[in-house]
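One structure is given here, and the rest of the page talks about it.
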Amino acid sequence: MKALVYQGPGKKAWQDVPPPRIQHPTDVIVRIDTTTICGTDLHILKGDVPAVTPGRILGHEGVGVVTEVGSSVTTLAVGDNVIISCIKSCGHCIFCKQGIFAHCLGDEGAVGIGWVFGHLIDGTQAEFVRVPYAETSVYKVPPRVTNQQGVLLSDILPTGFEIGVQYGQTKPGDVVAVIGAGPIGLAVIMTAGLYGAARIISIDLDANRIAQARKFGASDGVNSGDADWKQQVMALTDGWGVDVAVEAVGIPDTFEMATQIVRPGGHVANVGVHGKPVALRLQDLWIHNITISMGLVNTNTTPMLLRLIAEGRLDVDKFVSHRFKLDDMLAAYDTFGRAAETKALKVIIER
Ligand SMILES: NC(=O)c1ccc[n+]([C@@H]2O[C@H](COP(=O)([O-])OP(=O)(O)OC[C@H]3O[C@@H](n4cnc5c(N)ncnc54)[C@H](O)[C@@H]3O)[C@@H](O)[C@H]2O)c1
Ligand SMILES: [Zn+2]
Ligand SMILES: [Zn+2]
């Protein structure tokens, strides 16, 4: 079969590899019909994620049809159309029982890390993929949901909702600021309305991304390249700052920005993946009764988000900016990797 293989920093190839086989009784094999590329894949290709070693098939988002099931699998059958969650879950360890699948203790890939596809085991940017702990790690696609909608639930929608909106404890009437309007920030913006945010301010350096954010539910946009960006944000509140400041970039500057605009008693929800230490002005912040949260997505909200999509309550198709065939994987990477020029958001890659 063909797959997108990481060959060390800066190097990748769409090449022939042996197809995956069932290795454990709880595995299934899925034929990938729809996949996509995440900003995290670009981080890996830059060499930012050293746990990914040359030879690894990348990708942690995918939808497809089960073609083979392990001997202990009873609730999935050949022919089922399933969403592969970016987080594996064994279903019975202490963390899975708490719904913290991000830290599943199942020993597939690594103990204590839920994100294994395209990281510690072979991923979804391939014609076929082996899915461990399949019964608790995939979701059947309901009749009124398309593969394209389903693949947006592998990672970005649950991430934005769980780590941005829920961890930020968004409540009715809140003013929510979202720093970064990439797919993840836009997923926060799209789902903040579910908890009744009154005002959603999109903050980015890229005017095109801010314009996009309005289509996803942002009521206001502020360009953080403006010298008075902070005053612009404050003017959209009662003067005391935002209730929830979500960081969806992953650099020290934007985390600092979130702590500057949050009101006393408010929440800073960090979603970004950071590669460098961040200075925390605890000497100023302690007296403001601020809660700071962070985390790896659990994907425990996938069934709920799936119901909203099936009922037409979340218009996730607007995330899709480009469409490719599996064999055009390298062109898809090129388009996604030059998002500022190509205006790419999510690139859908289909069989
Ligand atoms: N916590 C999790 O479980 C989890 C899961 C998936 C992704 N992530 C992380 O979420 C973050 C966002 O992902 P994405 O795919 O949307 O990324 P992206 O690169 O597509 O988007 C980032 C956005 O931030 C903007 N930006 C950059 N510098 C800025 C600044 N100084 N001020 C304002 N805006 C600025 C960019 O213009 C861009 O629009 C990444 O760090 C990613 O690794 C976290
Ligand atoms: Zn991802
Ligand atoms: Zn587990």
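The values are calculated or read from the model by the stated rules, or taken from the named source; none is laboratory data. Since the structure is predicted, the reported quantities are computational estimates derived from the model, not experimental observations. With ideal geometry, Cβ positions are generated from the backbone for all residues, glycine too; neighbour counts draw on all protein chains shown. Heavy atoms of the whole protein, side chains included, go into the accessibility calculation; ligands, DNA and RNA do not. Shrake-Rupley method; radii C 1.70, N 1.55, O 1.52, S 1.80 Å.
The figures follow:
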quantity: Accessible area of the range 198-351 belonging to carbon and sulfur atoms, whole % at 1.4 Å probe; calculated: 53 percent
quantity: Reachable lysines, given that their alpha-carbon falls under 16 Å from the alpha-carbon of residue 11 and they are not under 8 places away in the same chain; calculated: 46
quantity: Computed Kirkwood radius, in angstrom, where 1/r is averaged over Cα pairs of the chain; calculated: 20.5 Å
quantity: Relative contact order %, the range 239-301, counting alpha carbon pairs below 8 Å whose residues are six or more apart; calculated: 35 percent
quantity: Contact order relative to length of the range 196-341, as percent, for alpha carbon pairs under 8 angstrom and 6 or more apart; calculated: 13 percent
quantity: Calculated over the range 1-152: convex hull of Cα atoms, volume per residue (Å³); calculated: 103 Å³
quantity: Mean Cα-pair separation over length for the chain, i.e. relative contact order, pairs under 8 Å, 6 or more apart, %; calculated: 16 percent
quantity: Built amide H within the under 5 Å cut-off of residue 68, gap 5+; calculated: 29
quantity: Label-point gap, in nm, between residue 273 and residue 11 - each point 7 angstrom along Cα→Cβ; calculated: 2.2 nm
quantity: Unit charges at the beta carbon, dipole of the chain: most positive-side option, 117, 201, 297; calculated: 117
quantity: Accessible area per residue in Å² at 1.4 Å probe, computed on the range 43-105; calculated: 42 Å²
quantity: C-alpha center-to-center spacing [the range 174-193, the range 301-335] in angstrom; calculated: 17 Å
quantity: Peptides 17-28, 61-72 ordered by average Cβ neighbours within 10 Å, highest first; calculated: 61-72, 17-28
quantity: On Cα atoms only, tilt of 183-192 relative to the major axis of the chain in degrees; calculated: 70 degrees
quantity: Exposure ranking of 215, 318 by accessible area [1.4 Å probe, largest first]; calculated: 215, 318
quantity: Of all DSSP beta bridges in the chain, antiparallel share, percent nearest 5; calculated: 50 percent
quantity: For a label point 7 Å along the Cα-to-beta-carbon line of residue 205, residues of the range 235-269 with backbone N under 16 Å; calculated: 248-258
quantity: Lys/Arg +1, Asp/Glu -1 at C-beta; the chain dipole; positive extreme among 270, 333, 245; calculated: 333
quantity: DSSP-defined beta bridges in the range 1-125 - what % are antiparallel, rounded to 5; calculated: 95 percent
quantity: The range 165-280 - accessible surface per residue (Å², probe 1.4 Å); calculated: 40 Å²
quantity: By average C-beta atoms within 10 angstrom, highest first, the peptides 302-314, 170-182; calculated: 170-182, 302-314
quantity: Per-residue HN-Hα couplings for the range 204-212 [Karplus 6.51, -1.76, 1.60; θ = phi - 60°; Hz; x = Gly/Pro]; calculated: 7, 8, 9, 4, 4, 5, 5, 5, 4
quantity: Kirkwood hydrodynamic radius over Cα pairs of the range 288-339, then Stokes diffusion coefficient at 20 °C and 1.002 mPa s, in µm²/s; calculated: 144 µm²/s
